[in-house]
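What follows is a set of notes on a single structure, which appears directly below.
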Amino acid sequence: MQANQKHSEDIKTCQKKGKTILLSIGGATYSEGGFRSAEDAVAGANLLWDTFGPVKSSNSSVLRPFDDAVIDGFDLDFEAIVLNMVPFAKQLRTLYDAEKSRTFYLTAAPQCPYPDLANKEMLEGGVKFDALFIQFYNNFCGLNNFVLGSQSQDKFNFAEWDNFAKKVSANPKVKIMVGAPANKGAASSGYVEAQTLVNIINWSKTFSSFGGVMMWDASQAWANSNFTSTVKGALSAGNSRVVRMSYAGYHSGYQN
């Protein structure tokens, strides 16, 4: 595999502008089932780190599709049961902690029903995530079930994920992102107009775990006039982040 120089330069350009680039692993169509053993999982994490992490003389023989560009971390997006992901994710965190040159991030993208069965093992297995991009769509707990003025949001269950962050998560400072379809065609259900999403953001801000908004995906947001700018405006008061998921397999984020 030859390095893709264009992707390498694109990543560096985005990072110079303050964007965080996460390589997303898995997806709705992933079907390989994870790793056969914990040892295989650790080896997989090491290979991934050598392939996309900092360039070192010890991994000079590893093929690097992004050449010397170094991503800012990995996002685990699994929507079916996968095996041995706890040792895989913990090894990534161990590698992060040993690298002092910069900060790396570990995130996941669970679906909104709690507990999310596909990711339950990792979420409750001591893995320290920095943020969770909760998919509040394609499920009964989607954004379309938010009721403005309601004292209880039993269906739109951000409160359940806030409770997870504070009482269950291995990292009690994990940030919970509101995952939203960025256009009508981006998901089967759960899309709401920008102003409704603003109302949801304002309600979610009352929880200390709230970290911002994830949109699926960048192309859908681009085609939806003023959607991103309206959401960004709602996040401008406070330390929140908008993250767009792209078809290219990495996440690009910007800090308000």
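The values are calculated or read from the model by the stated rules, or taken from the named source; none is laboratory data. None of the values given here were measured: they were computed from a predicted structure. Here the Cβ positions follow ideal geometry from the backbone for every residue, glycine too, while neighbour counts run over all protein chains shown. Note: areas computed on protein heavy atoms with side chains; ligands, DNA, RNA excluded. Shrake-Rupley method; radii C 1.70, N 1.55, O 1.52, S 1.80 Å.
Which Cys residues of the chain have no other Cys Cβ less than 4.7 Å away and so no disulfide-compatible partner by this rule?
Cys14
If the chain between Lys173 and Val55 were fully stretched, how many nm would it gain, using 0.36 nm times the residue separation less the Cα-Cα distance?
Full-extension gain reported as 39.5 nm.
Mind checking the dipole of the chain: about its Cα centre, +1 per Lys or Arg Cβ, -1 per Asp or Glu Cβ, Debye to the nearest 20?
740 debye
Before I look further, what does the chain give for accessible area per residue, probe 1.4 Å, in whole square angstrom?
Accessible surface, normalised per residue, equals 47 Å².
For the stretch 20-124, state which chymotrypsin sites (Phe, Trp or Tyr not before Pro) are in a DSSP loop and have at most 15 other beta carbons lying within 10 Å of their beta carbon.
Listed in order of number, the matching sites are Tyr30.
For the cross-link pairs Lys19/Lys175; Lys12/Lys173; Lys19/Lys232, which exceed 21 Å when the distance is taken from alpha carbon to alpha carbon?
Too far apart for the 21 Å limit: Lys12/Lys173.
Between Ala131 and residues 5 or more places away or on another chain, which pairs have amide H atoms under 5 Å apart, with H built 1.01 Å from N, and which residues are they?
The answer is Leu106, Ala108, Lys175.
Order of 154-164, 184-194 by packing, highest average Cβ count within 10 Å first?
My ranking of the peptides, most packed first, is 154-164, 184-194.
Counting only protein heavy atoms and a 1.4 Å probe, tell me what percentage of the chain's accessible area is made up of carbon and sulfur.
With neighbouring chains kept in place, the figure for the chain is 52 percent.
Per the helix-only calculation at 222 nm, which mean residue ellipticity applies to the chain, given -39500 (n - 2.57) for every DSSP H run of n ≥ 4 and division by its residues, nearest 500 deg cm²/dmol?
Mean residue ellipticity, 222 nm, calculated: -9500 deg cm²/dmol.
In percent, what relative contact order does the chain have, based on Cα pairs under 8 Å that are 6 or more apart in sequence?
Relative CO of the chain lands at 17 percent.
Taking θ = phi - 60°, what integer Hz values does the Karplus form 6.51 cos²θ - 1.76 cosθ + 1.60 yield along the stretch 171-185, in sequence order, with x for Gly and Pro?
Karplus values, whole Hz, x for Gly and Pro: 10, x, 9, 4, 9, 9, 9, 7, x, 9, x, 8, 6, 4, x.
Run the dipole for the stretch 95-196 about the Cα centre, Lys and Arg Cβ at +1, Asp and Glu Cβ at -1, nothing else charged, and hand back the magnitude in debye, nearest 20.
200 debye
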